Amino acid sequence: MSDSLRQSIEAIFDQKPAQYTDEHKKLFTEFLALLNRGEVRSAEPDATQSTGWRVNTWVKKGILLGFRIGGIVEMSGQFFDKSTYPLKQLTAQDGVRVVPGGSSIRDGCYIGRGVTCMPPMYINVGTYVDDGTMVDSHALIGSCAQIGKNCHISAASQIGGVLEPVGAIPVIVEDDVLIGGNCGVYEGTVIKKRAVLGSGTILNRSTPVYDLVKETVHRATADQPLIIPEEAVVVAGSRAVKSGPGKEWGISLYTPVIVKYRDAGTEAKIQLEDFLR
């Protein structure tokens with residue numbers, strides 16, 4: 001990827017032209033091809049960062065530029081969307097299995113080999129879904145989310161997208177993570193390798209995660225996202241309100257809880273996933 005492409009995209013984004021020319025559209029097409037091949041990413045691993053990831057602001061600008069450039073056009077199947085983001089074109093040689101039944105993958109994202117998509121599911125622009133991952137029925141992967149190798153995004157789960165603000169880290173799901181059914185992961189949460197989210201777990205910036213094993217509380221801060229440690233097993237829990245009417249009424253608030261870290265027992269329970277790939 002040339003520095004000139006990056007500089008051109010940032011210049012066009014920051015100084016909006018009176019009208020977009022064919023040259024601008026050609027530039028965006030080049031950028032889109034890089035997204036599709038996984039050669040540029042909205043976020044990428046970076047060991048020098050506290051989260052282990054670095055946000056590529058210019059890539060997010062390029063994605064947003066596509067929405068500015070594109071006009072509404074008719075697409076196959078009675079869809080009407082931006083001309084710059086049609087359905088992603090896949091062939092059998094790509095090694096991706098998309099089962100019939102209403103699934104959509106927007107152009108401008110990387111889908112690795114061996115990825116399985118169970119209908120209906122949706123993957124938005126700017127995402128990176130690495131090799132061997134399964135995206136199950138009714139699952140959503142939002143724009144710019146980064147999904148690692150051999151993950152399972154279970155049925156009805158939502159991986160939130162963080163396209164704006166452009167400097168914000170998107171949701172990160174590292175390798176070999178299992179996201180249980182009906183989970184929600186939002187607001188730039190980072191889930192480290194081999195973690196497990198039990199069904200119905202919700203993660204966001206405003207909800208602390210109580211770690212019963214290490215006797216600590218994981219929280220997002222003003223400049224850091226919520227980070228779930230490697231191999232943590234997180235389930236939906238609750239904590240009692242200890243003052244005021246909430247205490248009197250016996251009310252409890254939702255909170256995620258780390259109840260254990262992966263062991264042989266955990267491995268046996270999720271081994272079935274291997275047979276579904």
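Looking only at residues in the range 199-210 that are modelled with pLDDT of 95 or more and of a type in the set (V, I, T), which one is farthest from K260 (Cα to Cα)? For the range 199-210, the residue satisfying everything is I202. When restricted to residues that are in a loop (DSSP other than H, G, I, E, B), surrounded by fewer than 20 Cβ atoms within 10 Å (Cβ to Cβ) and within 15 Å of the chain's Cα centre (by Cα), the range 25-50 contains 1. So, T84, is that one exposed (fewer than 14 other Cβ atoms within 10 Å of the Cβ) and among the β-branched types (V, I, T) or not? Answer is no for this residue. Go through the residues of the range 217-225 one by one and say whether even a single one is under 15 Å from the mean Cα position of the chain (by Cα) and under 16 Å from Q146 (Cβ atoms). Scanning the range 217-225 turns up at least one residue that is under 15 Å from the mean Cα position of the chain (by Cα) and under 16 Å from Q146 (Cβ atoms).
Among the residues of the range 159-171 satisfying the criterion of being crowded, with 21+ Cβ neighbours inside 10 Å and in contact with a strand residue (DSSP E or B) (Cβ under 7 Å, 6 or more places away or on another chain), which is nearest to C117 (Cα to Cα)? My answer is I159. Among the residues of the range 114-133, none is identified as touching a helix residue (DSSP H, G or I) at 6+ places or on another chain (Cβ under 8 Å) and either polar (S, T, N, Q) or surrounded by fewer than 21 Cβ atoms within 10 Å (Cβ to Cβ) (or both). Inside the range 101-147, residues that are outside any loop (DSSP other than H, G, I, E, B) and in contact with a strand residue (DSSP E or B) (Cβ under 6 Å, 6 or more places away or on another chain) make up a count of 16. Within the range 223-252, restricting attention to residues that are among the β-branched types (V, I, T) and in contact with a His (Cβ under 8 Å, 6 or more places away or on another chain), the residue that is nearest to G188 (Cα to Cα) is I227. Whenever a residue of the range 212-224 is charged (D, E, K, R), its partners that are surrounded by 12 or more Cβ atoms within 10 Å (Cβ to Cβ), lying with C-beta atoms within less than 7 angstrom and at least six residues away or across chains, give the pairs R219/P208; R219/L226. Restricting attention to the range 160-210 and to residues that are of a type in the set (S, T, Y) and assigned to a loop (DSSP other than H, G, I, E, B), the residue that is nearest to D46 (Cα to Cα) turns out to be T189.
Hey, could you check the range 211-246 for residues that are of a type in the set (D, E) and assigned to a loop (DSSP other than H, G, I, E, B) and say which is modelled with the lowest pLDDT? Filtering the range 211-246 for residues that are of a type in the set (D, E) and assigned to a loop (DSSP other than H, G, I, E, B), the one modelled with the lowest pLDDT comes out as D223.
Can we say L65 is of a type in the set (A, V, I, L, M), more than 24 Å from C117 (Cβ to Cβ) and in contact with a helix residue (DSSP H, G or I) (Cβ under 8 Å, 6 or more places away or on another chain)? Against the criterion (of a type in the set (A, V, I, L, M), more than 24 Å from C117 (Cβ to Cβ) and in contact with a helix residue (DSSP H, G or I) (Cβ under 8 Å, 6 or more places away or on another chain)), L65 qualifies. So is K60 closer than 20 Å to G142 by Cβ and of a type in the set (K, R) or not? Yes; evaluated as a whole, the condition is true for this residue.
The values are calculated or read from the model by the stated rules, or taken from the named source; none is laboratory data. Not measured: the values here are computed from a predicted model. Glycine also receives a Cβ, built like all others from the backbone with ideal geometry; neighbour counts cover every protein chain displayed.
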